[in-house]
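S.K.: Just dropping this structure here.
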Amino acid sequence: MRKRFARASDLGLTAREFAVLRRLDTPQKVQAFVHNLRQNFELDGQNCRPVREVLRSRRAHCIEGAMVAAAALWVHGEPALLPDMPAERDCAAALDRTHDLHLVEADVAGIGAPPRRAVLAEDIRDL
């Protein structure tokens, strides 16, 4: 299968924002970047900000961090996969230094009510 590389226009990013993702050229660099994001506590109500806003604010909750990681991998020709981060006792995993991001082609919990079936998307723009 031929690799598909994301361009800045695919992700709706400026050249500067895209350059941040280009520098994340190993899974370890992606993990470190996501680990160093500050927590999005959703003080203005529930939200799911796009990759561009996460790159600007350097804040994310778990699914926002996952979308940044998927976008970074896609920039380097890897499939834009989302993580399987199951919640425990209806308490979603927090994006902090105790959680690692495990990227898989699997069920992805929806934002809000859980979906009745697996959520599949060819790329993150289809979510």
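S.K.: Just the residues that are buried (at least 17 other Cβ atoms within 10 Å of the Cβ) and among the β-branched types (Val, Ile, Thr), please, taken from segment 21-32.
M.R.: Passing the criteria: only 30.
S.K.: If you take the residues of segment 15-48 that are under 19 Å from residue 77 (Cα atoms) and in a loop (DSSP other than H, G, I, E, B), which of them is nearest to the chain's Cα centre (by Cα)?
M.R.: Ranking the qualifying residues of segment 15-48, first place goes to 24.
S.K.: Being more than 19 Å from residue 81 (Cα to Cα) and assigned to a loop (DSSP other than H, G, I, E, B) is the filter here, so list the residues in segment 49-58 that pass it.
M.R.: 58
S.K.: Another question about this same structure. Output the residues belonging to segment 1-14 that are outside any loop (DSSP other than H, G, I, E, B) and either among the acidic types (Asp, Glu) or surrounded by 10 or more Cβ atoms within 10 Å (Cβ to Cβ) (or both).
M.R.: Answer for segment 1-14, where residues must be outside any loop (DSSP other than H, G, I, E, B) and either among the acidic types (Asp, Glu) or surrounded by 10 or more Cβ atoms within 10 Å (Cβ to Cβ) (or both): 8, 10, 11.
S.K.: If we keep just the residues of segment 33-83 that are under 18 Å from residue 18 (Cα atoms) and among the charged types (D, E, K, R), which is surrounded by the most Cβ atoms within 10 Å (Cβ to Cβ)?
M.R.: 64
Bear in mind that the values in this text are calculations on the coordinates, not laboratory data. Everything quoted here is computed from the prediction, not taken from an experiment. So basically every Cβ, Gly included, is an ideal-geometry build from the backbone, and we count neighbours across all protein chains shown.
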